[in-house]
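Participant: This is the structure I have questions about; it appears just below.
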Amino acid sequence: MNLTEYNHTPPSAPELEEAILGALMLERDSFDRIENIINDECFYQPINRAVFNAIHLLYDNSQPIDLLTVYEQLKGNETFEKNGSVSYLANLTSRVSSAIHIENHARILREKQIKRSIISACSELQQAAYEEVTDVADVLNDFANTADQLNNITAIGTDTITSIDASKSALLLFESRQEKLRKGEVTGIPTGLTKLDQILGLMQPGQVIIIAARAAMGKTAFALNLLHASASSGYQSAFLSLEMNENELINRLILRNSDVRSDVLKNTIATEKEIININVEAGRIARLPITFIRNSSVTINA
């Protein structure tokens, strides 16, 4: 759906677009400061988007960036030739005297582009919801996908860190862990398996640990073991399964820690002792900080 359909002016800042382009042509190195903040979609005016792409190409090829090189790069560009000329580029460079504010200007442009994306996405969802022939499940699925896209929209470039800052961060983390060890404190999240904890150095914040194996090799049982160990140590823990519901997962946890036959929780009469054991273990699990995620919109494909 077109952003102008409701006669509202889409969020944009033409003056800032021109100021940024002028600053980039005045100070080539200023591109480093905005490369991870904006991209060409942040420029609402087509001619400004064309100029930005020309500057970006020169920068990527380690070429000089000034009024003449940008003009040469734009030769043959249909959008530029229809709407601008070398005098347009000259006007851009006269807008600013330096690139001192280029980062602030770039962030404002990024905010405008995010707003335009939200308006466009919501307009398309609204139109789909009005259609009588549209399946509501499809609309909800589109809504979920759109929400994911909007949540990730702020990421443009690669997040980087210098070796100096990375070294400082690593040393601070090392000192923090050493201090905890001297106090007898745990420096991570236990897995419940002593040997594995020694190999991994416990589970640490920010880690992604992938458990891979053939079918029926015990992946879910192992994952539930990690869940129980972390929750038993007081850590808030969540579990999402695409194969089992929460009742089946709780049953697996009960069987893991109680002297109960595996078929009792399905279709076998329990003994008095097994009934007691099941209730005791269910009570223990209920007190753990565990959340089971039930989300019907999550599938193996998404």
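Participant: For the stretch 253-292: of the residues being more than 21 Å from S230 (Cβ to Cβ) and acidic (D, E), which is surrounded by the most Cβ atoms within 10 Å (Cβ to Cβ)? Please lay out each step first, then the result.
Facilitator: Let us first name the residues in the stretch 253-292 that are more than 21 Å from S230 (Cβ to Cβ), namely 259-280.
Adding the requirement that they be acidic (D, E) leaves 259, 263, 272, 274.
Working: D259: 9, D263: 9, E272: 7, E274: 17.
Among residues in the stretch 253-292 that are more than 21 Å from S230 (Cβ to Cβ) and acidic (D, E), the one surrounded by the most Cβ atoms within 10 Å (Cβ to Cβ) is E274.
Participant: Among A90, A50, which is under 25 Å from I119 (Cα atoms) and of a type outside the set (V, I, T)? Steps first, please.
Facilitator: Details: A90 fails: under 25 Å from I119 (Cα atoms).
Just one listed residue meets the conditions, A50.
Participant: In the stretch 228-247, how many are surrounded by 11 or more Cβ atoms within 10 Å (Cβ to Cβ), part of a helix (DSSP H, G or I) and either modelled with pLDDT under 90 or polar (S, T, N, Q) (or both)?
Facilitator: 2
Participant: Next question. Residues I250, I210: which one is under 25 Å from T291 (Cα atoms), open to solvent by 80 Å² or more (accessible area, probe 1.4 Å) and at pLDDT 90 or above?
Facilitator: Numbers: I250 fails: open to solvent by 80 Å² or more (accessible area, probe 1.4 Å).
Sole residue among the options that is under 25 Å from T291 (Cα atoms), open to solvent by 80 Å² or more (accessible area, probe 1.4 Å) and at pLDDT 90 or above: I210.
Participant: Further question: Taking the stretch 82-113, which residues are within 18 Å of D40 (Cβ to Cβ) and out of contact with any helix residue (DSSP H, G or I) (no Cβ under 8 Å at 6 or more places or on another chain)?
Facilitator: K82, R107, E111
Participant: So, one more: For the structure I just gave you, tell me whether L57 is touching a Ser or Thr at 6+ places or on another chain (Cβ under 8 Å), modelled with pLDDT of 90 or more and of a type in the set (A, V, I, L, M). Explain how you work it out, then say what you get.
Facilitator: Details: touching a Ser or Thr at 6+ places or on another chain (Cβ under 8 Å): no; modelled with pLDDT of 90 or more: yes; of a type in the set (A, V, I, L, M): yes.
So L57 fails the test.
Participant: Would you mention how many residues in the stretch 124-138 are open to solvent by 100 Å² or more (accessible area, probe 1.4 Å) and of a type in the set (S, T, N, Q)?
Facilitator: 0
Participant: Out of everything in the stretch 172-207 that is closer than 24 Å to I290 by Cβ, among the β-branched types (V, I, T) and not in a loop (DSSP other than H, G, I, E, B), what residue ends up being least open to solvent (accessible area, probe 1.4 Å)?
Facilitator: That would be I189.
Participant: I'd like to know if the stretch 231-252 contains one or more residues that are touching a residue at least 60 places away in the same chain (Cβ under 8 Å) and of a type outside the set (S, T, N, Q). Quick ask: steps written out before the conclusion?
Facilitator: First, the residues of the stretch 231-252 that are touching a residue at least 60 places away in the same chain (Cβ under 8 Å): none.
Within the stretch 231-252 (the criterion being touching a residue at least 60 places away in the same chain (Cβ under 8 Å) and of a type outside the set (S, T, N, Q)), the answer is no, since none of the residues qualifies.
Participant: Sticking with this one: Those residues that are assigned to a loop (DSSP other than H, G, I, E, B) and open to solvent by less than 60 Å² (accessible area, probe 1.4 Å), I need them from the stretch 213-227; list them, please. Before you say what the answer is, go through the steps one by one.
Facilitator: Step one: filter the stretch 213-227 for residues assigned to a loop (DSSP other than H, G, I, E, B), giving 213-218.
Selection gives A213, G218.
Participant: Give me the pairs: first residue in the stretch 90-113 and touching a residue at least 24 places away in the same chain (Cβ under 8 Å) and over 21 Å from I65 (Cα atoms), second residue open to solvent by 90 Å² or more (accessible area, probe 1.4 Å) and part of a helix (DSSP H, G or I), beta-carbon distance under 9 Å, and six or more apart or on different chains, which are they?
Facilitator: Once the first residue is touching a residue at least 24 places away in the same chain (Cβ under 8 Å) and over 21 Å from I65 (Cα atoms) and sits in the stretch 90-113, its partners that are open to solvent by 90 Å² or more (accessible area, probe 1.4 Å) and part of a helix (DSSP H, G or I) give Q113/E41.
Participant: Here is a follow-up. List every residue pair whose Cβ atoms lie under 7 Å apart, where the two residues are 6 or more positions apart in sequence or sit on different chains, the first residue falls within the stretch 123-134 and is at pLDDT below 85, and the second residue, located anywhere, is surrounded by 10 or more Cβ atoms within 10 Å (Cβ to Cβ) and among the small types (G, A, S).
Facilitator: Hits for this filter: T134/A128.
Participant: Quick check on this structure: which one of E72, E17 is part of a helix (DSSP H, G or I), modelled with pLDDT of 90 or more and either open to solvent by less than 10 Å² (accessible area, probe 1.4 Å) or under 30 Å from L125 (Cα atoms) (or both)?
Facilitator: E17
Participant: In addition: Pairs only if they're at least six apart or on different chains, beta carbon under 8 angstrom, first in the stretch 189-209 and at positive phi, second of a type in the set (K, R) and assigned to a helix (DSSP H, G or I); list them, first residue then second.
Facilitator: Matching pairs, first to second residue: none at all.
Participant: Within the stretch 139-148, can you find the residues that are open to solvent by less than 90 Å² (accessible area, probe 1.4 Å) and either touching a helix residue (DSSP H, G or I) at 6+ places or on another chain (Cβ under 6 Å) or without any contact (Cβ under 8 Å) to a residue 60 or more places away in the chain (or both)?
Facilitator: Within the stretch 139-148, the first condition is being open to solvent by less than 90 Å² (accessible area, probe 1.4 Å), and the residues that meet it are 139, 141-142, 144-148.
Listed by number, the residues that qualify are V139, D142, T146, A147, D148.
Participant: Here's another thing I want to ask about it. For the stretch 82-131, how many residues meet the condition of being under 21 Å from E72 (Cβ atoms) and part of a helix (DSSP H, G or I)?
Facilitator: Number satisfying all stated conditions: 10.
Participant: From the list P10, P64, which residue is under 30 Å from A128 (Cβ atoms) and assigned to a loop (DSSP other than H, G, I, E, B)? Step through it out loud before you land on a result.
Facilitator: Values: P64 fails: under 30 Å from A128 (Cβ atoms).
Exactly one of P10, P64 is under 30 Å from A128 (Cβ atoms) and assigned to a loop (DSSP other than H, G, I, E, B), namely P10.
The values are calculated or read from the model by the stated rules, or taken from the named source; none is laboratory data. Quantities reported herein were computed from a predicted structural model and do not represent experimental measurements. All Cβ positions, glycine included, derive from the backbone under ideal geometry; neighbour counts span all protein chains shown. Calculation scope for accessible area: heavy atoms of the full protein, side chains included, ligands and nucleic acids excluded. Shrake-Rupley method; radii C 1.70, N 1.55, O 1.52, S 1.80 Å.
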